[in-house]
Amino acid sequence: MDRKRYLECLAADAARLRTVAATDLAAEVPSCPGWTMTDLVRHVAQVYLHKTECMRSGVEPRDWPPDLTAEEPLALFDRAYRALVTEFDTRDDDTPSPTWYPPEQRVGFWVRRMAQETVVHRIDAELAAGAEPVSVPDDLAADGMDEVLIVMLHHLARTWPEEFRHLVPDPGQRVLIEVPGRAWLARFDEDGVTVEPVGTGGSGEPDATVSGPAPDLLRWLWGRPGAPAPRLAGDPGAVDRFRAALKLATE
């Protein structure tokens with residue numbers, strides 16, 4: 001996906017999130033236990049403002065978040081979204097910016113991350129409001145799968161392997177995650193978990209396979225209900241360990 005497409009998706013999902021949230025700010029968010037819709041809206045706004053400050057100042061902000069409780073939630077969301085897209089408009093993707101992902105210390109990382117952050121929380125808002133879900137576009141969903149599998153699970157499991165080793169009772173197990181046109185292979189080894197993109201049909205025989213349409217699998221990977229269950233084949237224990245590793249990486 002290119003920058004233009006990320007920003008189109010970000011705009012659409014931010015607008016949808018706000019519209020749905022406005023219907024009931026007191027609603028509980030089932031996919032984020034303990035949160036109300038107000039908490040969800042404030043969280044997204046704080047994330048937007050944090051990334052804006054990272055880009056604006058060039059350093060990770062300290063003492064975050066500031067006290068924003070005086071602002072009405074939707075007004076805060078509107079202000080934060082405007083600040084974020086204004087900052088994106090003034091910088092190209094290769095402009096340096098601090099991020100938590102060492103391979104990409106640039107604004108383009110945040111363009112992608114904010115598009116993906118927003119679509120997942122838009123789903124949360126729909127679940128809280130009982131609203132008819134809007135399907136995630138195929139390109140955004142497949143990109144979101146790549147992000148959560150490579151940037152989150154693979155990176156975090158290799159950075160802090162001691163946190164993931166307890167999930168590897170049988171080193172060498174492999175789980176293939178597959179959508180039309182793309183696939184990723186998660187491998188359990190002595191150091192924890194690795195994930196890499198693979199050519200569809202070219203990974204050999206995995207211990208388990210998880211497959212389906214990208215929009216459904218994106219929700220499954222993030223533990224968001226409401227989509228048809230993926231197709232599961234092979235060792236269910238390997239799938240369970242994969243889900244446990246993913247949950248650990250995304251909490």
In terms of the charge dipole of the stretch 141-250, which places +1 on Lys and Arg and -1 on Asp and Glu at the beta carbon, the residue among 150, 217, 239 farthest towards the positive end is 217
Largest-first principal axis extents, alpha carbons of the stretch 83-182, Å: 48, 39, 29
Output the Cα-based Rg and Dmax of the stretch 205-251 in Å, rounding Rg to one decimal and Dmax to a whole number. 10.7, 30
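Which order results if 4, 247, 51 are arranged by neighbouring Cβ count within 10 Å, fewest first? List each step's numbers first, then the result.
On the way: 4 9, 247 13, 51 26.
Fewest-to-most ranking of 4, 247, 51: 4, 247, 51.
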Top positive-direction residue, dipole computed over the stretch 51-125 with Cβ charges, set 66, 81, 108: 108
Quickly estimate the mean residue ellipticity at 222 nm for the chain, helices only: each DSSP H run with n ≥ 4 gives -39500 (n - 2.57), and the total goes over all residues, rounded to 500. -15000 deg cm²/dmol
Can you give the convex hull volume of the alpha carbon atoms of the stretch 6-149 per residue, in Å³? 115 Å³
Across the alpha-carbon set of the chain, Rg over Rh with Rh taken as the Kirkwood radius works out to 0.97
Estimated dipole of the stretch 141-250 in Debye, rounded to 20 [Cβ of Lys and Arg +1, of Asp and Glu -1, Cα centre]: 340 debye
Size of charge dipole - the chain - debye, nearest 20, with Cβ of Lys, Arg +1 and Asp, Glu -1, no other charges: 240 debye
Compactness of the stretch 141-250, expressed as Rg and Dmax over alpha-carbon positions, Å: 12.6, 35
Separation between the residue 158 and residue 57 pseudo-spin-labels, each 7 Å from Cα along Cα→Cβ, expressed in nm? 3.0 nm
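Taken together, the values in this text are just the output of simple stated rules run on the coordinates, not laboratory data. Because the structure is predicted, anything quoted here is derived from the model rather than measured. Cβ atoms come from the backbone with ideal geometry, glycine included; neighbour counts cover every protein chain shown.
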